[in-house]
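Novice: Provided herewith is a single structure, encoded as structure tokens, for subsequent inquiry.
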Amino acid sequence: MSIRGAGVFTLANSLRRHADAVIFHCHRGLPQPAFARCYLESRRINFPALQDDGGAMSEIIIVDDDPSVRAALSIVLNGEGFEVTSFEAGYAFLTAARSRTPGCVLIDLHLPDASGLELLKTLDAHRYPAPIFVISGRGDIPTAVDAIRHGALDFIEKPFDAAAVATRVREAILAWRNAGQTHSVLARDFPGHERLTARERDVLERIARGASNKEAGRELAISPRTVEVHRARIMEKLGAKNAADLMRIVLIRDRGHRPTALGARYSAS
């Protein structure tokens, strides 16, 4: 399902070849929920719902003031077995977010009562116990990068494919739950370790293991571009001059790693 800007959806005569999902395009001034009926009548692939420790399906929270965006994402995520809760305003979302922990959150950067950045800061997103995606327009990339620095997992750029967003949500939840299960190669108290966020440590762990931007992004369910943003922040916070210098700072000394080789590989990625 493709989202093209803001407005209301009309049905396009096209089916996704493998997912059998109906593709919709946004156009202003056209009658609305026909797209929802058409989609519900079409065939789609349903994946098993991810469950929390209590056995309930994961809840996905969508915060966007555009009803067509909320509807499109809700249809696809519901179809994959997620429970979806939507909010059109930021402060109503904050009340809910403080009372329970969803599986994942998607927040538009521009809301009528508060910006996405304000919500991340108020929520203290770096410490929030669930992955948060921000939704941005094509011209909002600098703001989206700023959102990552304030705790967002990654950003989703408009126009986007709703089925692809659902896949990213699922991967993010799995990566979030699996985080910390591998033995770290990082020194426990390397200089500057206290300055890094939990997400920056996750990225640094992959860098230290020699992963490329693409490989690190795949493991963490974020884009290679977002890995690069985190890498730049890590280098700045730790005062590393280059990738090899970074490895000398953070690696445990007795594990037989070769900082120079790792640094060279990462620089070339």
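Taken together, the values in this text are just the output of simple stated rules run on the coordinates, not laboratory data. Remember, it's a predicted structure, so these values are computed and weren't measured experimentally. Neighbour counts are summed over all protein chains in view; Cβ atoms, including those assigned to glycine, are modelled from backbone coordinates with ideal geometry.
Novice: Based on other C-beta atoms within 10 Å, arrange GLU80, GLU236, GLU88 from fewest to most.
Specialist: Listed from fewest to most nearby Cβ atoms, that is GLU236, GLU88, GLU80.
Novice: Hey, another quick one. Can you give me the P(r) profile for region 152-202? Cα pairs, bins 5 angstrom wide beginning at 0, each as a whole percent.
Specialist: Using 5 Å bins, I get a P(r) of 4, 14, 22, 17, 15, 12, 8, 6, 2 for region 152-202.
Novice: Arrange SER99, SER86, SER58 by Cβ neighbour counts within 10 Å, fewest through most, would you? Let's see the in-between values first.
Specialist: On the way: SER99 7, SER86 17, SER58 21.
Ranking SER99, SER86, SER58 by Cβ neighbours within 10 Å, fewest first, gives SER99, SER86, SER58.
Novice: What are the principal axis extents of the Cα atoms in region 48-177, in Å, biggest first?
Specialist: Principal extents (Cα only, largest first): 37, 29, 25 Å.
Novice: Quick one: order VAL229, VAL134 by neighbouring beta-carbon count within 10 Å, fewest to most.
Specialist: Listed from fewest to most nearby Cβ atoms, that is VAL229, VAL134.
Novice: So, counting K/R as plus one and D/E as minus one, what does the shell of residues with Cβ under 10 Å around ILE135 add up to?
Specialist: -4
Novice: Could you run the Karplus curve 6.51 cos²θ - 1.76 cosθ + 1.60 with θ = phi - 60° over region 59-73 and give me ³J(HN,Hα) per residue in whole Hz, x for Gly and Pro?
Specialist: 9, 10, 9, 10, 10, 7, 7, 8, x, 5, 5, 4, 5, 4, 5
Novice: While we're on this one: Starting from the Cα of LYS121, draw a straight line to each of the aspartates and glutamates and keep only those under 16 Å, dropping any in the same chain fewer than 8 residues away.
Specialist: Hits, sequence-local ones excluded: ASP108, ASP113, ASP146, ASP154.
Novice: Could you tally the net charge around VAL165, taking each other residue with its Cβ under 13 Å from the Cβ of VAL165, Lys/Arg +1 and Asp/Glu -1?
Specialist: On the way: positive: ARG70, LYS158, ARG168, ARG170; negative: ASP64, GLU80, ASP108, ASP154, GLU157, ASP161, GLU171.
Net local charge, VAL165 excluded: -3.
Novice: Still on this structure: Give me a comma-separated list of calculated 3J(HN,Hα) values for region 196-204, in order, Karplus coefficients 6.51, -1.76, 1.60 applied at θ = phi - 60°, integers in Hz, x for any Gly or Pro.
Specialist: With coefficients 6.51, -1.76 and 1.60, one gets 7, 7, 4, 5, 5, 5, 4, 5, 4 Hz.
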